[in-house]
1. Fully extended, how many nm does the chain gain between Q116 and A47 (0.36 nm per residue separation, minus their Cα-Cα distance)?
2. What list of ³J(HN,Hα) couplings, whole Hz, do you get for segment 135-140 from phi and the Karplus terms 6.51, -1.76, 1.60, once you set θ to phi - 60° and write x for glycine and proline?
3. Taking R0 as 45 Å, what's the FRET efficiency between Y4 and I138 from their Cβ-Cβ distance, rounded to 0.05?
4. What shape does segment 217-266 take by its C-alpha gyration tensor, where a ≥ b ≥ c are the square roots of the eigenvalues and a/c under 1.5 counts as rounded, a/b above b/c as prolate, and the rest as oblate?
5. How high is the FRET efficiency between L86 and V255 when r is their beta carbon distance and R₀ equals 30 Å, given to the nearest 0.05?
6. Arrange the peptides 5-12, 258-265 so that the one whose residues have, on average, the most other Cβ atoms within 10 Å appears first.
7. Can you work out the FRET efficiency for the pair K265 and V105, with r the C-beta to C-beta distance and R0 = 41 Å, to the nearest 0.05?
8. If the only charges are +1 at each Lys and Arg Cβ and -1 at each Asp and Glu Cβ, what is the size of the charge dipole of segment 217-266 around the Cα centre, to the nearest 20 debye?
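Read-outs throughout are calculated quantities, based only on the coordinates presented, and are distinct from any laboratory measurement. Note that the coordinates shown come from a computational prediction; the quantities given were computed from them, not determined experimentally. Every residue, glycine as well, gets a Cβ built from its backbone with ideal geometry; the counts of neighbours run over all protein chains shown.
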Amino acid sequence: MEGYVLTGRHGFFASYEAFIRIVDSMVSQHAKWLKVTSELPWRQKIASLNFSLSSNVWQQDHNGYTHQDPGFLDHVANKKADVVRLYLPPDILRDHIPELKIRAVNVVDLMKLQPQTQHPHGLSDAEYNAIFTKDKPIVFAFHGYQEEGTITTPFDMRVQNEIDRFHLVMDAIEQLPQLGNCGSGEIADSLCVSEEYLSGQIKKETGSSFSVLIKEKRIREVKKLLVTTKLRLKQIAALVGYTDPKYMSKVFKEVTGVLPSEYRKTH
């Protein structure tokens, strides 16, 4: 295939993801060769060698344990930025939670997330801020691989890799504690499941109930705002989802043993 691309024609190498690792060393040598040839003024540009992987890792539902291996992505990503590119299939996520505005950004070119100074495909700071904003939390749901996999159901594979809708809800709650004002019932409705099922899933994954999860996150956020800002208690309460600053102070003392004003003085 390397000889083929020297004829000026682009090469196409299709493989099942689990078996592409066989050519790891050859890909490394080809990348090194491309790097060296790019520095020779007399050498013409080389046609591309494209690897297309079938059966993406997050969709290997029937034999994940024996066939899951996204290592080729890592292997290629570690090569010089001027000789490799990584593209992922489109996948758009939109969960409708009351009072929550979501911007779904579909990252096809993975190298776009690198700074422009590190990769030619990277976004500039201005471009990145235009897409992801400067002050909004980001939940990055990469359809990749955390566990070693198993032979199980499609949904359970997503749970193991923490990209199922319940983990995404918990990530959103972690980033936006004011979502607790919606109540577990409203959030469950938006996910088309029962409130009992949602609560059970959250309890199973975190060891805490929905209400406790919200309270703990709010108090952590209050602590951070007390220490890092000069905002008044009324402003802090509004930011973390409390409608009454007095009630926020009461809950804060129940959890920490001190009032917010005392906590701010000692930290």
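1. Full extension from Q116 to A47 adds 22.4 nm.
2. Per residue, the Karplus-derived 3J(HN,Hα) values read 10, 10, x, 10, 10, 9 Hz.
3. In this case the efficiency is close to 0.65.
4. Rounded.
5. Here the calculated transfer efficiency is 0.10.
6. The densest-packed peptide leads the list: 258-265, 5-12.
7. For K265 and V105, the calculated efficiency is 0.50.
8. Dipole size: approximately 120 debye.
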